[in-house]
Amino acid sequence: MAVLFHGSADGGLDWPSRMRAALPGEDFRFWPDVGDPADIDIAILWRQPPGGLAPYPNLKTIQSFGAGINQLDLPSIPPHIRMARLVDDRLSEQMAEYCLLSVLRHYRQFDQFEQDQRTGTWQPLPPRDRASFPVGIMGFGVLGTATARLLALNGFHLRGWARTPKQIAGIDCFAGAEGLTGFLDGLKALICLLPLTPATTGILNARLFERLDSAYLVNAARGGHLVDQDLIDALGRGRIAGATLDVFHQEPPAPDHPFWRHPAILMTPHIASITNPVTAVAIFVENIRRARAGAPLLNEVDRQQGY
Ligand code: NDP
Ligand code: OXD
């Protein structure tokens, strides 16, 4: 029995030393030093390793290196393999900060002042009012609710949209396709924190944007949620006032992608919330223990729902 580790770029964080120190005696194999693939029963993966999972006949458990799992190419993973995603307060904190900053930047019109500075324009603007600036979060799970709490603490009026109904004090909750119209009505900022599944792919599209009027978009979920050309068109038509985008169909986008040079789009390189070695190692270790004991995993993925 051995654990394969294939995370995202190491960034000098030295995951091998951290994992070995946290679970001495475990047989860790850090990609590409896999040894005999038949030894591997657990894998901690950001994406599937080159060559896929076929070479690992005894793999039984996959722990995602991140909160999302779509990047693991779910449909290609046999159903008997149990999967867990990462839920970590540090991920939630970072995501909430990212979304708060993105909303405040637009609410306080810094996006406009940045453009004005470039053209040498001195143009004070009247302040906005939180009461007429509702913020909606699509995907009201771990990251969505953490983000809503931080925005609510900062005085914003929050709405949440999820697949199943919820009741959360102080937040207007909507669910399912039938709840979407009420959720979107009059929003001034829309944050996407959905998982990417067949049901949510391309959900940020022209039809949805037509229901908005000069709303700010924050997509920190996955590039596949957004129909890129529909965003460009919605910006041109004033349906969308501007956007902060952390995730893209292709990362980085091609050099000639129109997002790079669009004055109303701020791009960040998929950094909204980054797996933290200090806290994540403990969670990975706990799930290794649970997998070996045949116990329920922390944050096990519902393969049927795809998240
Ligand atoms: P959760 O599984 O905790 O929450 C997902 C939410 O989306 C739930 O509220 C769920 O509804 C809702 N949802 C799922 N499908 C639908 C649907 N068809 N219609 C309406 N609502 C739906 O996930 P997390 O909050 O932990 O993470 C969300 C995503 O954020 C990840 O999947 C990942 O893609 C992205 N992410 C991006 C990062 C970045 O750095 N940019 C970092 C980390 C994550 P219900 O509550 O009813 O189940
Ligand atoms: C994640 C991510 O899913 O960083 O954790 O995108």
**Message:** Taking the conditions exactly as written (aliphatic (A, V, I, L, M) and either within 20 Å of ARG108 (Cβ to Cβ) or part of a helix (DSSP H, G or I) (or both)), does LEU196 satisfy them or not?
**Reply:** no
**Request:** May I ask you to list the residues in region 188-207 that are more than 20 Å from the chain's Cα centre (by Cα) and either within 16 Å of ligand 2 (Cβ to nearest atom) or surrounded by fewer than 21 Cβ atoms within 10 Å (Cβ to Cβ) (or both)?
**Result:** ALA206, ARG207
**Prompt:** Going by the structure shown, is HIS225 within 16 Å of LEU190 (Cβ to Cβ) and within 14 Å of ligand 1 (Cβ to nearest atom)?
**Reply:** yes
**Request:** Restricting attention to region 8-59, report how many residues are touching a strand residue (DSSP E or B) at 6+ places or on another chain (Cβ under 7 Å) and either among the basic types (Lys, Arg) or part of a loop (DSSP other than H, G, I, E, B) (or both).
**Result:** 12
**Request:** Hand me the list of helices (runs of 4 or more DSSP H) wholly inside region 82-183 holding 1 or more residues that are more than 30 Å from LEU72 (Cβ to Cβ), among the basic types (Lys, Arg) and within 16 Å of ligand 2 (Cβ to nearest atom).
**Result:** none
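Each row is one residue, and each column tells you yes or no for (1) within 11 Å of ligand 1 (Cβ to nearest atom); (2) touching a residue at least 12 places away in the same chain (Cβ under 8 Å); (3) on the phi < 0 side of the Ramachandran plot; (4) not hydroxyl-bearing (Ser, Thr, Tyr).
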site: PRO255; (1), (2), (3), (4): no, no, yes, yes
site: ARG261; (1), (2), (3), (4): no, no, yes, yes
site: PRO269; (1), (2), (3), (4): yes, yes, yes, yes
site: THR275; (1), (2), (3), (4): yes, yes, yes, no
site: ALA280; (1), (2), (3), (4): no, yes, yes, yes
site: ARG290; (1), (2), (3), (4): no, no, yes, yes
site: ARG303; (1), (2), (3), (4): no, yes, yes, yes
site: TYR307; (1), (2), (3), (4): yes, yes, yes, no
**Item:** Residue, farthest from ALA131 (Cα to Cα), within region 154-184, restricted to residues that are touching a Leu at 6+ places or on another chain (Cβ under 9 Å) and exposed (fewer than 14 other Cβ atoms within 10 Å of the Cβ)
**Value:** GLY170
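We did not get these values from a lab; they are worked out from the coordinates using the rules stated. Values in this document were obtained by computation on a predicted structure and should not be read as measured data. When we count neighbours, we look across all protein chains shown, and the Cβ atoms used for this are built from the backbone with ideal geometry, even at glycine.
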